[in-house]
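I have placed the structure first, in the form of structure tokens, so that the comments after it can refer back to it.
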Amino acid sequence: MTENDGRVAGLLLAAGGGRRLGGRPKALLEHRGRPLVEYAAGVLRDAGCTRVHVVLGAAADAVRERADLPGCVLVDNPEWEEGMGSSLRAGLESLRGTGAGAALVSLVDQPGIGPEATARLLAAHRSPATLAAASYEGKRGHPVLLGADHWAGIAATATGDQGARAYLKAHADAITLVECADVAQPYDVDTAADLARYLQ
């Protein structure tokens with residue numbers, strides 16, 4: 001889809017333990033016959049991210065064993081139980097020194113967001129100062145594109161399950177919103193009902 005010379009790295013947060021799913025790690029949920037983490041990493045690649053880092057936490061060894069993630073950099077987050085914020089920090093830290101000017105951050109439990117929406121966000125990249133987010137009928141959602149100029153500030157405020165939320169709220173005027181409601185559905189797979197409804 002979109003050509004990317006490596007300046008924007010894909011960053012997939014896939015560490016969650018699936019607490020509301022009875023402790024089933026989200027990375028290993030089955031989607032189209034394969035672990036969900038495979039599909040999510042493939043979306044980033046198909047959208048144009050040549051470098052993809054995948055943050056693992058719950059059942060990381062099992063994910064390594066079962067999931068086929070060729071060319072991906074697998075990042076362990078030993079503090080994954082603290083929430084998404086720790087995974088975002090670990091992922092951004094893993095990108096330091098890679099030459100990436102931005103991170104396109106996606107969540108493993110949103111299979112309704114595919115390559116087309118993700119490529120739209122990638123195309124919003126202009127410089128390390130860029131902040132962009134997919135929006136759905138005007139409401140900000142995922143994925144998000146975080147220019148490297150912002151990584152330190154995001155890491156300083158990413159706690160618990162907040163991820164980049166506090167930082168993005170404080171810098172709302174700087175965010176480019178990229179409408180994606182026509183090509184994606186931003187649901188999360190959080191419960192057993194979600195499994196039945198969204199995964200096949």
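Of note, residue 61 does not satisfy the criterion of being open to solvent by 60 Å² or more (accessible area, probe 1.4 Å) and in contact with a Pro (Cβ under 8 Å, 6 or more places away or on another chain). Picking from residues in segment 15-51 that are more than 20 Å from residue 115 (Cβ to Cβ) and part of a loop (DSSP other than H, G, I, E, B), the one that is most open to solvent (accessible area, probe 1.4 Å) is 24. Given 109, 68, which one is in a loop (DSSP other than H, G, I, E, B), touching a residue at least 12 places away in the same chain (Cβ under 8 Å) and closer than 11 Å to residue 14 by Cα? From the options 109, 68, the qualifying one is 109. Among the residues of segment 73-104 satisfying the criterion of being assigned to a loop (DSSP other than H, G, I, E, B) and touching a residue at least 60 places away in the same chain (Cβ under 8 Å), which is most open to solvent (accessible area, probe 1.4 Å)? Applying the filter and picking the extreme gives 99.
What do you reckon, is residue 99 of a type outside the set (A, V, I, L, M), within 16 Å of residue 146 (Cα to Cα) and more than 14 Å from the chain's Cα centre (by Cα)? I'd like the intermediate steps shown before the answer.
Numbers: of a type outside the set (A, V, I, L, M): yes; within 16 Å of residue 146 (Cα to Cα): yes; more than 14 Å from the chain's Cα centre (by Cα): yes.
Taking the combined requirement at face value, the residue satisfies it.
Could you list all residues from segment 117-136 that are open to solvent by 20 Å² or more (accessible area, probe 1.4 Å), in contact with a helix residue (DSSP H, G or I) (Cβ under 7 Å, 6 or more places away or on another chain) and in contact (Cβ under 8 Å) with a residue 60 or more places away in the chain?
none
The values are calculated or read from the model by the stated rules, or taken from the named source; none is laboratory data. Please read all numbers here as calculations on a predicted model, not as lab measurements. In this analysis, Cβ positions are derived from the backbone assuming ideal geometry, glycine residues included, and neighbour counts consider all displayed protein chains. Areas reflect the complete protein model, heavy atoms only, side chains present, ligands, DNA and RNA absent. Shrake-Rupley method; radii C 1.70, N 1.55, O 1.52, S 1.80 Å.
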